[in-house]
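Colleague: Okay, here's the structure, questions in a sec.
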């Protein structure tokens, strides 16, 4: 691999020098050339400093995919602040929890393409076009700044904790850039590619593989704030050559297509974020004449551990990525270490220690096997994680919210496989009304975390010690009509 840039914002320099007037990013409001993008990042970094943001400060950036959000992410890199990209569709409670845990110095709301971000912003003042900002927290304490890109945190990606509390995954500049470079290399991104940027930049898949991978390769990225199958089909028919997505996106896209679709430039499909669905895999081949690449990873791995080198007609996630070590523990759990692995969980040393083996391998919580060809196959998950539309949903967080609804005596949440996706099913005891439960969940949980099924039970299946038997509930969920 060539020498990686020192900081994530450094991916721009080669293309500014070689192709200053080529288009780098496209959003709903227009396009930015490479020289425009570099200038916007420099100007925004200066604005951050003028506001009092320092290296080591945490900066929350709440929005949906648009160039302004990308500019803020890269501007934080310029001054060694830690970017915290957040999906604007989180609830106010979820945003407040993350701000409290992270000790963020300031919150930016990218309102230009996101009505949801505008609602979060409320009466926060406009600081420049399309961006509002909270007051700067003068009490926020900056973390140490490291010159070493493998030690300096670039992004703090929040995933729901298994205890219901948010967990901040610290990813270094080296981690994100290593993943960007490897993804671009294996998938063969080119300067003449047009990438459909629908993966949220608040998710590590969208940040590392889509945004940074595309920029590193010099591709044009069309940033899309919300998935719309008709809009995606129109873009494919026009000029899109690369699409990265999760199975749920591709499943919804295929539901709108009766037969072969116009795709004059489409050459690469890449799927990740949750296990591959065979119907999606074969549907994409039928409609576009292309099999999707597959891969496996998780936020804590930055995110990739394995990825196919060529699209395969099976469900393997490909060989272990170059530069990464992986092994299968005696209990079947996948363990990995390498440049992409997280620095740890922010402000949670106990969880960080528990996440690693004594010799430094990340415990993924997923079960797998590596065959004689070196291909990694997923067998299952050893944790109760639900993956809905590529987003992690931890039952404990959902249960903690539902348990506060009047009329709920006991609640347990499990996942249920559906076409190309997984839905959230809530079992509960008590006299709560399902409509009231749904309204209560809507007030406290982001849409992708909310149960789509509510099942009342007279009693929870439990062991002799009273522990709820989740595997029985999962079997019951799978049997629902």
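Colleague: Is it true that residue 79 is crowded, with 23+ Cβ neighbours inside 10 Å, under 24 Å from residue 346 (Cα atoms) and in the same structural domain as residue 200 (by TED's automatic domain parsing)?
Modeller: In short, no.
Colleague: Okay, moving on. Given the conditions (1) buried (at least 21 other Cβ atoms within 10 Å of the Cβ); (2) in contact with a helix residue (DSSP H, G or I) (Cβ under 6 Å, 6 or more places away or on another chain), and given that residue 346 satisfies all but one, which numbered condition is not satisfied?
Modeller: (2)
Here's the yes/no breakdown for (1) over 30 Å from the mean Cα position of the chain (by Cα); (2) buried (at least 16 other Cβ atoms within 10 Å of the Cβ):
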residue	(1), (2)
390	no, yes
405	no, yes
418	no, no
442	no, no
450	no, yes
458	yes, no
462	yes, no
470	no, yes
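Colleague: Then there is this: Which of the residues that make up segment 415-451 are touching a strand residue (DSSP E or B) at 6+ places or on another chain (Cβ under 7 Å) and within 17 Å of residue 471 (Cα to Cα)?
Modeller: Residues satisfying the conditions are 415, 416, 422, 423, 424, 425, 426, 427, 428.
Colleague: Inspect all residues belonging to segment 237-251 and state whether any of them is touching a helix residue (DSSP H, G or I) at 6+ places or on another chain (Cβ under 6 Å), at negative phi and modelled with pLDDT of 95 or more.
Modeller: For segment 237-251, residues touching a helix residue (DSSP H, G or I) at 6+ places or on another chain (Cβ under 6 Å), at negative phi and modelled with pLDDT of 95 or more: present.
Colleague: Could you check segment 270-373 for strands (runs of 3 or more DSSP E) lying wholly inside it with 1 or more residues that are within 23 Å of residue 418 (Cβ to Cβ)?
Modeller: Here the list reads 295-297, 362-370.
Colleague: Shifting gears a bit: Could you count how many residues in segment 236-269 are in a helix (DSSP H, G or I) and surrounded by fewer than 18 Cβ atoms within 10 Å (Cβ to Cβ)?
Modeller: Of the residues in segment 236-269, 2 are in a helix (DSSP H, G or I) and surrounded by fewer than 18 Cβ atoms within 10 Å (Cβ to Cβ).
The values are calculated or read from the model by the stated rules, or taken from the named source; none is laboratory data. Please read these numbers as outputs of a predicted model, since none were measured by experiment. A quick note on method: Cβ atoms are made from the backbone with ideal geometry, for glycine too, and the neighbour counts reach across all protein chains shown.
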